[in-house]
């Protein structure tokens, strides 16, 4: 019985210390406004093809592309929309992050042969629990940035893949 209590106490200490490490000094982001940016080369694709492929990707990957898109200017080669994804965590880290989602603004600037993705207004929505209401906070810890940034920047590869598939789909 004492051994079981010891293991339970030890497990609680590890759980709490794991949650606290995200909030320790030196773990906070130094910049107040966090944004991520990536330029994706799309050789042989016109701005219009990139625009169409990006619209298709948004429609296929965001729940409601009509509600998501804030600005749509084919003439300027510009799309701005709002997205949401599950907060990325693995294994034991998910105990404190279960049900959290990441909200962001995605801007796509397009030119012939390339496009630029810019992600801003990145925040984490914490679900309601134990009598607390749900709330949203900007990302503020390095570990959050390290988990979120690579996933968002991979959207560039996914969009490029959709643009290239649209080319081959024309000949069906």
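Listed values, structure above:
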quantity: Unique residue being closer than 21 Å to residue 107 by Cα, in a helix (DSSP H, G or I) and modelled with pLDDT of 90 or more when the list is 162, 118; calculated: 162
quantity: Conditions (1) surrounded by 15 or more Cβ atoms within 10 Å (Cβ to Cβ); (2) assigned to a strand (DSSP E or B): number failed by residue 136; calculated: (1)
quantity: Among the candidates 101, 105, 54, residue that is touching a strand residue (DSSP E or B) at 6+ places or on another chain (Cβ under 9 Å), modelled with pLDDT of 90 or more and within 13 Å of residue 144 (Cα to Cα); calculated: 101
quantity: Residue in the range 27-43 that is touching a helix residue (DSSP H, G or I) at 6+ places or on another chain (Cβ under 7 Å), crowded, with 16+ Cβ neighbours inside 10 Å, farther than 14 Å from residue 108 by Cα and at pLDDT 95 or above present; calculated: no
quantity: Residue within the range 148-168 that is over 16 Å from residue 58 (Cα atoms) and buried (at least 16 other Cβ atoms within 10 Å of the Cβ) present; calculated: yes
quantity: Hey, residue 92 buried (at least 18 other Cβ atoms within 10 Å of the Cβ) and either assigned to a helix (DSSP H, G or I) or in contact (Cβ under 8 Å) with a residue 24 or more places away in the chain (or both) or not; calculated: no
quantity: Some residue of the range 50-59 being more than 20 Å from the chain's Cα centre (by Cα), more than 13 Å from residue 117 (Cα to Cα), surrounded by 12 or more Cβ atoms within 10 Å (Cβ to Cβ) and touching a residue at least 40 places away in the same chain (Cβ under 8 Å); calculated: yes
quantity: Meets criteria (in a strand (DSSP E or B) and more than 13 Å from residue 163 (Cβ to Cβ)) for residue 76; calculated: no
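The values are calculated or read from the model by the stated rules, or taken from the named source; none is laboratory data. Since this is a predicted model, take the numbers as computed values, not measurements. In this analysis, Cβ positions are derived from the backbone assuming ideal geometry, glycine residues included, and neighbour counts consider all displayed protein chains.
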